[in-house]
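Notes to accompany the following structure.
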Amino acid sequence: MPFEPLGNSRCRVSRIRCSLKVEEKTMKECNSCGKCCTKYGNGGLSVTDEEIEFWDVFRPKIADYVRDGKIWMNPKTGEQLEVCPWLKKVPNEEKYLCDIYFDRPDDCKYYPVTVEEMIRDECEMIELKDLDNPVKAQETLDKIMVDSRPSYS
Ligand code: SF4
Ligand code: SF4
């Protein structure tokens, strides 16, 4: 599905419902649409002191983008960046990758945590059946994310 600016969550939800009338699907793996990184990469991410200490010692290039416990900051000016510096578009595809995937903050690793935030953020993992049964959807999400974060449900 192409990455495109969408309207509010209700718009997105009704679009999902329309597009899935024929075949009802359940939650799928992340398709790298990049929406979450775009939404949170400009000041919406948190980072721990331990993560910053690790970057300071072992990943100085990442540490350059930290200022006063905040990410991602312009290394030259110290100002908040508008776009995460590690978000890279795949050439000729509507997909995005993380340049520091194995060293990204837990806040990135844990996303998405709840079905509610997926709906709010128009995350493309979610499907029609998930909207009808959010409890089951949360269990499915936790299974998909089992290698990335603790269970929420
Ligand atoms: S660090 Fe990686 S996962 Fe986190 S917002 Fe940036 S590109 Fe996305
Ligand atoms: S977690 Fe959701 S919003 Fe983020 S890249 Fe994957 S499909 Fe897109």
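Taken together, the values in this text are just the output of simple stated rules run on the coordinates, not laboratory data. Just so it is clear, the structure is predicted and the values come from calculations on it, not from any experiment. Note that we place each Cβ from the backbone using ideal geometry, even for glycine, and neighbour counts take in every protein chain shown.
Ranked for footprinting exposure by Cβ neighbours inside 10 Å, fewest first, Thr48, Thr140 give Thr48, Thr140.
On a 29 Å Cα-Cα criterion, which of the cross-link pairs Lys28/Lys61; Lys28/Lys70; Lys39/Lys136; Lys88/Lys143 come out too long?
Among Lys28/Lys61; Lys28/Lys70; Lys39/Lys136; Lys88/Lys143, the Cα-Cα distance tops 29 Å for Lys28/Lys61; Lys28/Lys70.
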